[in-house]
Structure formats: structure tokens, C-alpha cells
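The next block holds one structure in the form of C-alpha cells; read it before the comments.
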Amino acid sequence: METIQSFKNELLKKQLEKFVGDNNIPDYMYDFITAVDRTYFQYEKEREHVTNLEKINRELDQFAYIVSHDLKAPLRAMSSLIGWIEEDSGEFMTAESRANLNTILGRIHRMENLIQGILAYSKAGKGRTEKTMVNVHELVDEIISSITSPDHITIQNNIPKIEIQAEKIKLSQVFSNLISNAIKYNDKKEGSVEIGCTEYEDWCQFYVEDNGPGIEKEYHEKVFMIFQTLASRDEFESTGIGLSIVKKIVEDQKGKIWVTSEKGNGCRFHFTWKNY
């Protein structure tokens, strides 16, 4: 590649010399021409790289859709078949057999949720919506009122009534997932969830804190990896995709997300969001 570039540079110099004469061309012009040519060459390489990435992303999206569609069809058939078995067996079905069928149905629903999660992950951060001025305090209040929370868990919205420029749907997705997790995994008789933020000149640092079981330091990075769950799926129904989607959305907005926690002492999820 360098040999081709050198040949192009030499050819360019000879053409200039022929056009204006060798004696009329300052030395710095050769350097300038070479720099411009190299910049254009690098631009072409980067443009080709971006085009290839866009093609790969389209193929991955198509693959995710096809796979999910092909997986959903047999799952629906299995669910219908179990329903027919229950109807045909009626009162002759034993309690043990009915429990086994319910277990199978539970696994089917888990697989369906997993498929939906994979599709959501493949789309996270890609779609663009218009940025608007969002009152974050009101947004969090709306999310809290839409989430079913047990009576023993209190939720406190400490975000001041600030407005930031953001894609409301994506910011809502992040808060909804973090608040839902803080409620879902809380193991205390008197559980608490607190949402707050620190405001800077052109960005905000938000947090969602709980007094739940906490997360050991060795898992602080792993919780954001796709399909990772710290609790048994039979204990808590989870696909292990939620936090990976949150991370993808936050990073797509040029922000960062991390967790501070110790086992047994609750945890605090932090994320930054640019305000422009």
C-alpha cells in the first residue's frame, strides 16, 4: 500500500513540474500536496470501513429477526399442544403431571422473553428519536407510578426538577430497567430505592440506589454482559439482557454506566447522560 502511495506522490510531483516548471514550485508545496493526498487516501479507507460496518449491522439485524421468527413458531406450537393435553386429560390428570406441564410452560415463556430480549438488544441504540427538553423528575415519577411495587419497598425520587435535552424514550428505558431491578431483587423486609443526580454544565450523573443484597466486586463488570444473571433463573425470572441493553443505550449517548456495591450492603448504579 505504501509503494502505491509513493508512486502516486511522485506522479503528482511530475505533473506539477510539467505544468508550472520545476523552478517555480516551492519545496513546501510538495509536502502540502503529499499531505492532502494522504488525507484523502485515509478518508477513502475510513469510508470503506464504515460502509462495511453498516452492511454487517444490516445482516446481523436480519439474522436476529429471522432466528427469532423461526424460534417463536415452534414455541407457540408447543404452548398450544400443552393446552390441548390439559383439556383432553381433564380431571384424569394427576397433580404431578399438571405441575410438570406448568414447568414446561414456564420454560417456554422464558424462551419467548429471551427471544424478545435478543431482538431488543440488537435494536438498542440504533433508532433515533427527536431530542426534546425532558423534565427528569417528572419522567421518573411517571416510571415509578407505572411500576408495580410491593408495599414494603419505598421509592424516593430525589432528582431536582431539572430539564435536559434528551431522547425521552431512551432515557426512560434506562431508568425503568434500573428501578425495576432495584425493586425486583430487593431482599429486605423494609426495602428502599432512591433515585438522584448531580448536575454539571453540559451533562448529568444519575444514580439508582437500593438497600438490597448487593453485588460482589468481581461481578461489577459482568452484570452488564449479555445473558449474565447473578441469581438462579428459577428464583428470579430474568433473561440477563436488561442491563446489557441499558449499557448499550447509555454508551450510544456517549455516556458511561457503572455500579458501586458490596455484598450485603445494597448497590448504586451510576450513569452519565449528556445534556445537548
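The values are calculated or read from the model by the stated rules, or taken from the named source; none is laboratory data. All values reported here derive from a predicted model rather than from experimental measurement. Cβ sites come from the backbone with ideal geometry, for glycine too, and all protein chains shown count toward neighbours.
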Quiz prompt | the stretch 231-243, residues that are surrounded by 16 or more Cβ atoms within 10 Å (Cβ to Cβ) and either modelled with pLDDT of 85 or more or not in a helix (DSSP H, G or I) (or both) | solution = S238, T239, G240, I241, L243
Quiz item: If we scan the stretch 69-89, do we find a residue that is more than 27 Å from K254 (Cβ to Cβ) and at pLDDT below 70?
Solution: yes
Quiz item: Could you list, in sequence order, the residues of the stretch 109-142 that are at pLDDT 90 or above, in contact with a helix residue (DSSP H, G or I) (Cβ under 9 Å, 6 or more places away or on another chain) and either closer than 22 Å to D70 by Cβ or in a helix (DSSP H, G or I) (or both)?
Solution: V136, L139, V140, E142
Quiz item: Restricting attention to the stretch 191-213, which residues are more than 16 Å from S176 (Cβ to Cβ), touching a Phe, Trp or Tyr at 6+ places or on another chain (Cβ under 7 Å) and of a type outside the set (A, V, I, L, M, F, W, C)?
Solution: G196, D202, G212, P213
Exercise. Search the stretch 146-205 for residues being of a type in the set (D, E) and in a strand (DSSP E or B), and hand back the single one that is surrounded by the most Cβ atoms within 10 Å (Cβ to Cβ).
Key: E194
Quiz item: Restricting attention to the stretch 170-219, and to residues there that are more than 18 Å from I155 (Cβ to Cβ) and of a type in the set (K, R), which single residue is farthest from the chain's Cα centre (by Cα)?
Solution: K217
Quiz item: So which residues in the stretch 165-188 are farther than 17 Å from S244 by Cβ and in contact with a Leu (Cβ under 8 Å, 6 or more places away or on another chain)?
Solution: K168, L171, S172
Exercise. Considering only the stretch 244-272, state which residues are closer than 20 Å to E216 by Cβ, of a type in the set (S, T, N, Q) and more than 11 Å from the chain's Cα centre (by Cα).
Key: T260, S261, N265
Quiz item: Looking at the stretch 146-156, which of the residues that are polar (S, T, N, Q) and modelled with pLDDT of 90 or more is farthest from the chain's Cα centre (by Cα)?
Solution: T154
